[in-house]
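Scroll down for the structure; my scribbles are underneath it.
The values are calculated or read from the model by the stated rules, or taken from the named source; none is laboratory data. Keep in mind that this is a model prediction, so the values were computed, not measured. Here the Cβ positions follow ideal geometry from the backbone for every residue, glycine too, while neighbour counts run over all protein chains shown. We work out accessible area using only protein heavy atoms, side chains counted, and drop any ligands, DNA or RNA first. Shrake-Rupley method; radii C 1.70, N 1.55, O 1.52, S 1.80 Å.
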Amino acid sequence: MNRTFWNLLLVSPAILGISSVVSAAAITAEAPATAEANQLATAQSSESKIAEIVAEIDGEPVAEPVAAAPATPEKLALNSSAEADQTPVANSADAEKLAKIEPDTSAAALQTTGIDIDSAAPIAPASTAAATEPLAATGTAEPSPQASDLAVQSSQTETAGKIEVPAVASTPATTTATTPATKVEIAQTAPTGMGGPIVPVAPQALPAQQSGTMSQVTSVTQLSDVRPTDWAFQALQSLVERYSCIVGYPDGTYRGNRALTRYEFAAGVNACLDQITQLIGSTGNLVTRDDLAILQRLQEEFAAELATLRGRVDGLEARTAELEANQFSTTTKLAGEAIFAVSDTFVGEGIRLDDDEDETVTNLGYRVRLNLNTSFTGRDLLRTRLQAVNVARYDSATATGTNMARLAFDGEEGSQFTLNELYYRFPMGSATAFVGPKGLDLHEIADTVTPFNSTGTGAISRFGVRNPAVFRGPQGAGASLTFNLGPLRATGGYLASDGDAPDPANGRGVADGSFSALGQIGFFSKPFDLAFTYTHKYNRAGDVGIMGGTGSALANRPFGQATTQADNYGVQVNFKPSRRFQLGGWYGYTKAEQLRGGGNDATIQNGAITLALADFGRQGNLLGFVFGVPPKVTESDVARNRNTSYHLEGFYRFQVNDFVSVTPGVYVILNPEHNNRNDDIWVGLLRTTFSF
């Protein structure tokens with residue numbers, strides 16, 4: 001082995017660990033400060049329909065057009081109304097209700113982080129008349145205001161006729177002469193007749209929270225962080241229970257203090273407009289004149305944002321139509337995987353490296369897989385896989401000469417793409433069926449109960465991937481059926497060798513050639529998985545390989561190339577106390593019998609313990625260890641293995657991003673071929689996997 005490659009391989013986990021810390025810091029620094037709006041409103045504008053209904057209800061215009069904003073920005077006191085000469089927002093009865101509202105003096109309501117707040121002179125006690133009078137403007141010069149989003153708040157009448165949108169870090173107007181009013185400097189003036197005061201909502205005032213996927217609620221009591229004492233409780237109750245146009249987060253919260261963008265507010269207003277339009281179509285008694293007046297003014301205020309949303313939706317629809325017109329297939333998607341593998345082996349005593357005994361050199365191999373995944377119903381899958389592979393096989397006589405040193409994904413098929421898999425999976429009631437003429441393997445029809453089953457991102461050795469006693473053998477063409485019974489799962493399948501299945505010659509075909517028949521009962525839950533598997537294997541003369549190319553040569557062919565059948569029993573378990581820690585393993589017991597040329601028997605055993613540490617150092621990474629005994633003939637009428645080999649494996653998968661992972665790893669075989677006179681074999685690998 002090249003010493004430079006070996007030394008780099010040994011220190012690569014430390015290098016990857018350091019790079020993961022640097023990558024995480026860089027990603028954090030470059031994260032966007034704010035999140036985009038969660039949903040796009042796709043409904044069409046309903047301004048004209050609402051205007052017609054308003055005219056029918058009252059026979060007169062509902063409201064004057066929104067007054068243009070004055071050139072000089074104004075300062076408005078919190079919860080103050082527009083000037084008297086502007087369009088009134090409430091009648092005298094509504095004004096009395098506004099005057100009777102108690103102030104909210106809670107810490108949350110009084111919080112004004114990030115907003116420029118000045119104290120105004122004390123005002124006289126509120127009265128019915130004063131509720132609609134404007135506060136006196138200050139005589140001092142005002143600085144240029146900062147831009148901020150606007151939220152509209154209107155008082156709740158007895159008929160729940162107005163819409164109330166809470167403003168972040170704001171308080172209701174005081175009603176006593178001893179409490180000073182608070183004024184907020186805003187960049188935009190209040191439109192006339194908006195049904196309530198205008199208060200700023202600055203996204204920078206509060207830390208951004210992750211939006212998440214929201215779900216519709218039917219009662220305000222479903223929102224765990226909304227209390228009847230909250231000043232906006234009645235408004236939320238009306239919007240939720242009367243109009244059903246308010247959604248909550250999946251954790252059952254409303255997050256009323258979260259910063260709101262104008263796009264989000266526009267989307268919410270549009271959703272309420274659509275819901276009210278539907279209610280109007282069914283009955284005219286559910287929406288009042290005040291409702292329609294406020295909604296119409298909100299539509300006018302956010303007309304630009306609604307138009308922008310419609311434009312973005314139109315753009316997405318156009319792009320979608322273009323993709324559909326030029327796509328390869330309406331039912332098929334392409335998925336692929338490419339592996340670059342740098343590897344080498346070394347033979348020596350323990351950790352002492354002896355270059356004189358090394359018969360291999362550092363080499364670079366590859367494997368490419370192209371999967372055409374087709375679905376006709378959305379629940380089925382037609383898999384067509386093309387593969388090209390050229391990775392060193394260390395079981396050859398020119399390398400180590402033993403199956404125990406093989407890589408998980410080895411193969412020497414040149415640079416030609418060949419059909420590697422072809423099968424169809426589909427549901428049958430509560431069961432799942434597989435049927436295929438090529439590449440349908442035992443580990444695909446049954447659960448292997450191990451986190452290392454993938455040859456591209458899991459264990460790096462052939463033995464460390466899964467239990468060879470029950471999941472390796474003649475396979476490729478056949479069918480299976482899996483019954484899902486809650487946590488229990490039962491599987492039965494029959495697979496013939498895909499080399500014999502299409503051959504019509506005598507002693508070949510689906511029934512007369514080599515085959516495997518599998519049965520499995522498994523229990524799968526969050527804390528642990530457990531499965532018992534039985535596989536009956538039949539290997540015709542000249543096609544014997546009981547352990548599927550793992551373990552000793554004697555374990556694969558205990559009677560040479562004579563016709564052999566074997567009953568294989570396996571138990572697999574995986575404990576999962578947390579998502580980041582999994583401890584499992586397997587045990588395999590095989591009873592083999594020579595069918596022709598003698599009635600000899602042999603017993604073969606193997607076992608392994610696995611440890612998986614997910615998200616080690618960084619999310620997506622995986623630190624894995626495998627310790628086990630490769631398949632060994634413990635009893636035989638012909639010959640058995642006298643000593644015991646041990647397999648020790650460690651690897652660290654560094655997830656660069658969603659599409660690229662780099663995995664350095666090393667495994668050592670002590671006493672290869674279960675013979676303590678053989679020198680230990682070390683295998684080093686640097687695997688880079690591209691998924692697309």
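Given the criterion more than 29 Å from PHE532 (Cβ to Cβ), buried (at least 19 other Cβ atoms within 10 Å of the Cβ), among the basic types (Lys, Arg) and in contact with a Lys or Arg (Cβ under 7 Å, 6 or more places away or on another chain), identify the matching residue among ARG462, ARG385, ARG393.
Exactly one residue qualifies, and that residue is ARG385.
Matching residues to (1) modelled with pLDDT under 95; (2) touching a Leu at 6+ places or on another chain (Cβ under 8 Å); (3) acidic (Asp, Glu); (4) open to solvent by less than 40 Å² (accessible area, probe 1.4 Å):
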{"residue": "ARG466", "(1), (2), (3), (4)": "no, no, no, yes"}
{"residue": "GLY492", "(1), (2), (3), (4)": "no, yes, no, yes"}
{"residue": "ASN506", "(1), (2), (3), (4)": "yes, no, no, no"}
{"residue": "GLY522", "(1), (2), (3), (4)": "no, yes, no, yes"}
{"residue": "LYS526", "(1), (2), (3), (4)": "yes, no, no, no"}
{"residue": "LEU530", "(1), (2), (3), (4)": "no, no, no, no"}
{"residue": "THR550", "(1), (2), (3), (4)": "no, no, no, yes"}
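Among the numbered conditions (1) in a strand (DSSP E or B); (2) open to solvent by 50 Å² or more (accessible area, probe 1.4 Å), tell me where HIS536 comes up short.
So the condition that HIS536 fails would be (2).
Any chance region 277-294 includes a residue that's open to solvent by less than 20 Å² (accessible area, probe 1.4 Å), modelled with pLDDT of 80 or more and in contact with a helix residue (DSSP H, G or I) (Cβ under 8 Å, 6 or more places away or on another chain)? Talk me through it step by step, then tell me what you get.
Going residue by residue through region 277-294, those that are open to solvent by less than 20 Å² (accessible area, probe 1.4 Å) are 287, 291-294.
Next cut, modelled with pLDDT of 80 or more only: 293-294.
If we keep only those that are in contact with a helix residue (DSSP H, G or I) (Cβ under 8 Å, 6 or more places away or on another chain) too, we end up with 293.
Looking through region 277-294, at least one residue is open to solvent by less than 20 Å² (accessible area, probe 1.4 Å), modelled with pLDDT of 80 or more and in contact with a helix residue (DSSP H, G or I) (Cβ under 8 Å, 6 or more places away or on another chain).
Can you go through ASP498, ASP447 and tell me which one is open to solvent by 40 Å² or more (accessible area, probe 1.4 Å) and at pLDDT 95 or above?
Checking each option against the conditions leaves just ASP447.
Filter region 626-639 down to residues that are surrounded by fewer than 18 Cβ atoms within 10 Å (Cβ to Cβ) and either in contact with a Leu (Cβ under 6 Å, 6 or more places away or on another chain) or not in a strand (DSSP E or B) (or both), then give me how many there are.
Count: 4.
So is SER430 open to solvent by 10 Å² or more (accessible area, probe 1.4 Å), among the polar types (S, T, N, Q), at pLDDT below 95 and under 29 Å from GLN655 (Cα atoms) or not?
On the way: open to solvent by 10 Å² or more (accessible area, probe 1.4 Å): yes; among the polar types (S, T, N, Q): yes; at pLDDT below 95: yes; under 29 Å from GLN655 (Cα atoms): no.
Answer is no for this residue.
Tell me whether region 540-555 contains one or more residues that are in contact with an Asp or Glu (Cβ under 9 Å, 6 or more places away or on another chain) and within 17 Å of ASP500 (Cα to Cα).
yes
Name the one entry in THR590, THR610 that is closer than 17 Å to PHE463 by Cβ, surrounded by 16 or more Cβ atoms within 10 Å (Cβ to Cβ), touching a helix residue (DSSP H, G or I) at 6+ places or on another chain (Cβ under 6 Å) and in contact (Cβ under 8 Å) with a residue 24 or more places away in the chain.
THR590
If you scan region 411-439, which residues turn out to be of a type in the set (Phe, Trp, Tyr) and out of contact with any Phe, Trp or Tyr (no Cβ under 9 Å at 6 or more places or on another chain)?
Of everything in region 411-439, just one residue is of a type in the set (Phe, Trp, Tyr) and out of contact with any Phe, Trp or Tyr (no Cβ under 9 Å at 6 or more places or on another chain), namely PHE417.
Taking only pairs six or more apart or across chains, which ones have beta-carbon atoms under 9 Å, a first residue in region 536-565 that is free of Cβ contacts under 8 Å to residues at least 40 places away in the same chain, and a second residue that is outside any loop (DSSP other than H, G, I, E, B) and of a type in the set (Ser, Thr, Tyr)?
Pairs found: HIS536/SER516; VAL544/THR564; ARG557/THR564; THR563/TYR538; THR564/TYR538; GLN565/TYR538.
Every residue, every condition in (1) of a type in the set (A, V, I, L, M, F, W, C); (2) open to solvent by less than 10 Å² (accessible area, probe 1.4 Å); (3) touching a Phe, Trp or Tyr at 6+ places or on another chain (Cβ under 8 Å), yes or no:
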| position | (1), (2), (3) |
| --- | --- |
| GLN605 | no, no, yes |
| GLY620 | no, no, no |
| ARG653 | no, no, no |
| THR663 | no, yes, yes |
| LEU670 | yes, no, yes |
| HIS674 | no, yes, no |
| ASP680 | no, no, no |
| VAL683 | yes, yes, yes |
| ARG687 | no, yes, yes |
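Working carefully through the options ALA477, ALA469, find the one that is more than 19 Å from PHE524 (Cα to Cα), free of Cβ contacts under 8 Å to residues at least 60 places away in the same chain and in contact with a Pro (Cβ under 8 Å, 6 or more places away or on another chain). Explain how you work it out, then say what you get.
Values: ALA469 fails: free of Cβ contacts under 8 Å to residues at least 60 places away in the same chain.
Going through ALA477, ALA469 in turn, the sole match is ALA477.
Is there a residue in region 412-426 that is within 21 Å of ALA531 (Cβ to Cβ), open to solvent by 20 Å² or more (accessible area, probe 1.4 Å) and in contact (Cβ under 8 Å) with a residue 40 or more places away in the chain?
Just the residues of region 412-426 that are within 21 Å of ALA531 (Cβ to Cβ), to begin with: 425.
Narrowing the set further to residues that are open to solvent by 20 Å² or more (accessible area, probe 1.4 Å) leaves 425.
If we keep only those that are in contact (Cβ under 8 Å) with a residue 40 or more places away in the chain too, we end up with 425.
Yes, the conditions are met somewhere in region 412-426.
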